Amino acid sequence: MRILWYYDRYLAGALGAVFDRLFTIYCGCWLMIHTGRWSHRPVPFLNNWLTDFVFVPVIAHVALVLTRQYIVRNATYRYPLSYLLFAALYVSFIYEWVFPYYHFHTVGDPFDVIAYFSGSIFYFFVHQRSRILR
């Protein structure tokens, strides 16, 4: 019983840290864009690049919370910009070069690459440094 309490306590702490205000805004943006797509009423400018902009911050934020909670055990640890830019490069390579080659319904878009890198820079300078995380 004590072991279950231990894991529940740390899992709840990690989930609470993940769902800060900016992460909730990311998820809300994603839901708004995809609801518009599913209802065949996409939001013109946002439909194209907003989900790509928030993709790296969502992944980086979940990874940062788990890294802080379980690996480095330091609540003030931050990812260096090089890690985030590498994540954007990796995502760009997979989604804009590899997937279009193997899946006929995807298209490589250089503006998506810009959105991935912009999102990673936003995460480094704004989200990761915000007091909302603490």
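No lab work stands behind these numbers, since they all come straight from the coordinates. Not measured: the values here are computed from a predicted model. For neighbour counting, all protein chains shown are included, and Cβ atoms are generated from backbone atoms with ideal geometry for every residue, glycine included.
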Nearest-20 debye value, the chain charge dipole, Cβ charges on Lys, Arg, Asp, Glu: 700
Inter-site label distance for Thr76 and Val107 at 7 Å from Cα along Cβ, in nm: 4.8
Read-out Cα extents along the principal axes in Å, derived from the coordinates shown; its label in (i) 56, 25, 22; (ii) 45, 34, 28; (iii) 51, 35, 30: (iii)
Residue-count net charge about Phe99 - beta-carbon cut-off 12 Å; Lys, Arg +1, Asp, Glu -1: -3
Most fluctuating residue given options Arg37, Arg68, Arg78, as computed from a GNM of the chain linking Cα atoms under 10 Å: Arg37
Tilt relative to the chain, helix 81-93 - C-alpha long axis, 0 to 90 degrees, to 10: 40
Taking Trp38, Trp49, Trp30 and counting other C-beta atoms within 10 Å, the order from fewest to most: Trp38, Trp30, Trp49
